[in-house]
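The values are calculated or read from the model by the stated rules, or taken from the named source; none is laboratory data. A quick note: this is a predicted structure, and the numbers were derived from the prediction, not measured. Virtual Cβ from ideal backbone geometry, glycine too; neighbours counted across all protein chains shown. Note: areas computed on protein heavy atoms with side chains; ligands, DNA, RNA excluded. Shrake-Rupley method; radii C 1.70, N 1.55, O 1.52, S 1.80 Å.
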Amino acid sequence: MELQQNDRLIDELIRRRLDEILPQKIEEKLAELKASKTPSMTIIATKGTLDWAYPPFILSSTAAALGWDVSVFFTFYGLQLLRKDLAGLKVSPLGNPGMPMKMPFGPEWFRSLNWNIPNAVQSIVPGFETMATSLMKQTIRNKGVADITELRNLCVESGVNMIGCQMTVDLFGFAHDDFIPEVKEYVGAATFLPMARDADVSLFI
Amino acid sequence: MELQQNDRLIDELIRRRLDEILPQKIEEKLAELKASKTPSMTIIATKGTLDWAYPPFILSSTAAALGWDVSVFFTFYGLQLLRKDLAGLKVSPLGNPGMPMKMPFGPEWFRSLNWNIPNAVQSIVPGFETMATSLMKQTIRNKGVADITELRNLCVESGVNMIGCQMTVDLFGFAHDDFIPEVKEYVGAATFLPMARDADVSLFI
Amino acid sequence: MELQQNDRLIDELIRRRLDEILPQKIEEKLAELKASKTPSMTIIATKGTLDWAYPPFILSSTAAALGWDVSVFFTFYGLQLLRKDLAGLKVSPLGNPGMPMKMPFGPEWFRSLNWNIPNAVQSIVPGFETMATSLMKQTIRNKGVADITELRNLCVESGVNMIGCQMTVDLFGFAHDDFIPEVKEYVGAATFLPMARDADVSLFI
């Protein structure tokens, strides 16, 4: 009888203490787990033009510099970004009226002009795309921004996982030898998705 | 008096035990909850071309095959991917210099050529877009990759939630009858965002 | 001796009760914590055309209306969306065969026609892009959808954090004065990524 009563008292006391203590303990534990976990990001890089090569490489190298674990899955047109020679990457102002066309040299007033060259002209002037590409490359050089090969090297050196999409390699008829040897593995979406699940941030670029 | 002292002793013991046990229990519970939770992905599909139809359908069907819960919100140009007849989907190499143009037939050396056809030529040759579209379709057939209607069927069969954006339906003047009957519901972003919040992975394609 | 034995009994009781009570309590508390946390979203807005201006502003204003914390990082071509005057935003059907070209006025049968104007024609007809832009603006007005300046105001008024990418400002030669004064700060990816890490949903648009 005495023991039973004691039991009930203890039980009650436990519940009361739990209600008091648990919220804070859980919060502490969650904060602790979060603090001890290395932040992580996965990127699905799907575009293969010079301008759209920047976002995956800039975000990856920045995250790696912050100490994050980063994995980039190069798939679809994005596979172009893994080629040994990136000189073929081009930028097209065609179909992209959001692209500012400015002169990257000359006095400030001249550089601040916005050259609105209509698509009509762009598409019938041979070499317009090549001109736009070189214009962008010059702008980037002038502004002290790393070129795309440098940025990719930075990613490799800072430990970004470069992963190729084998299905796209097959689809476009590439050979593994077309790509930089730093590509860690060639896998499919079924291997990549679980990595995205565990990441804090996942972006489709 | 004795009981009071006993109470204090018990209380102390409870606090000590809680301090000892709680952190590990919480961690175990969190791991258990994660392991028992079905992984989930939400996709916002916004593009309406043949090439960009692949990423949402490939990622969705792959995730569904892995046992994930998947919901795709077709909005903006992405609504085109829900049309009953997908034969109208086209791919445009215009404004996309990242698109590899390769011949999907013939000997290996011929197929590995990269046809760099300038936009200037592309845009004034009538039917160039149709040719590029058929070229892509042939490449996909040759490589054993499912065509887009097959992939969409696969998504439907494996339980991917197909959701249409009602605002876009109104904006572009579509009728629900234009779309496959498997569309589960037509809602707005206000309904979709809470689904994205609960998902492990959310992608804007 | 008796007391020691009592202690052991009490200790055992405490451990048993904890094992019984803890899992459910922890689960309840975690659900409670989640319910009490304000949902959050971060968006990386990278496109600078009239059509692609809609997704970041529609998703942001909708999330803010639901009470979410929202931060948008305007970078790359997306910086155009922060300009004081948005009248220059254009839409290009070039290179986007997924864009439905419909007449936003006239009888239903006329509006439901799909104008398939080949790129070949588009690119050599001067002013085609301007025509497409005005067509889209009319469609949006006709359908009662807010125009882009109204949507942006809505975002600002509902507390969406507008953040500019300083690197892009430098790269494209913009001045802070080109942008609306509601831009909260100009930072780099290193400042934005930790915000994305803490958000429930992160999208690259």
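Is there a residue being over 22 Å from B:P55 (Cα atoms) and in contact (Cβ under 8 Å) with a residue 12 or more places away in the chain anywhere in the stretch A:22-33? Within the stretch A:22-33 (the criterion being over 22 Å from B:P55 (Cα atoms) and in contact (Cβ under 8 Å) with a residue 12 or more places away in the chain), the answer is no, since none of the residues qualifies. For the stretch C:49-76, the set of residues classified as more than 16 Å from C:L203 (Cα to Cα) and either of a type in the set (K, R) or without any contact (Cβ under 8 Å) to a residue 60 or more places away in the chain (or both) consists of C:T49, C:L66, C:G67, listed by residue number.
Among residues of the stretch A:169-186 being within 14 Å of another protein chain (Cβ to nearest Cβ) and in contact (Cβ under 8 Å) with a residue 60 or more places away in the chain, the one that is surrounded by the most Cβ atoms within 10 Å (Cβ to Cβ) is A:F172.
Please indicate, with yes or no, whether at least one residue in the stretch C:153-168 is modelled with pLDDT under 90 and more than 8 Å from every other protein chain (Cβ to nearest Cβ). Within the stretch C:153-168 (the criterion being modelled with pLDDT under 90 and more than 8 Å from every other protein chain (Cβ to nearest Cβ)), the answer is yes, since at least one residue qualifies. Being open to solvent by 10 Å² or more (accessible area, probe 1.4 Å), in a helix (DSSP H, G or I) and within 11 Å of chain B (Cβ to nearest Cβ), is that true of even one residue in the stretch A:56-74? No: zero hits.
In the stretch A:169-187, the residue that is modelled with the lowest pLDDT out of those that are aliphatic (A, V, I, L, M) and under 13 Å from A:L81 (Cα atoms) is A:V169. Within the stretch C:26-37, is there a residue that is among the basic types (K, R) and within 10 Å of chain A (Cβ to nearest Cβ)? Yes: the stretch C:26-37 contains one or more residues that are among the basic types (K, R) and within 10 Å of chain A (Cβ to nearest Cβ). Each residue in the stretch A:146-168 was checked for being open to solvent by less than 20 Å² (accessible area, probe 1.4 Å) and in a strand (DSSP E or B), and 4 of them qualify. Restricted to the stretch A:77-91, and to residues there that are in contact (Cβ under 8 Å) with a residue 12 or more places away in the chain and assigned to a helix (DSSP H, G or I), the residue that is surrounded by the fewest Cβ atoms within 10 Å (Cβ to Cβ) is A:L86. For the stretch A:38-46, the criterion of being within 9 Å of the chain's Cα centre (by Cα), away from chain B (no Cβ under 12 Å) and among the β-branched types (V, I, T) is met by none of the residues. For the stretch C:192-205, filtered to residues that are within 25 Å of C:I58 (Cβ to Cβ) and in a helix (DSSP H, G or I), the residue that is most open to solvent (accessible area, probe 1.4 Å) is C:D198.
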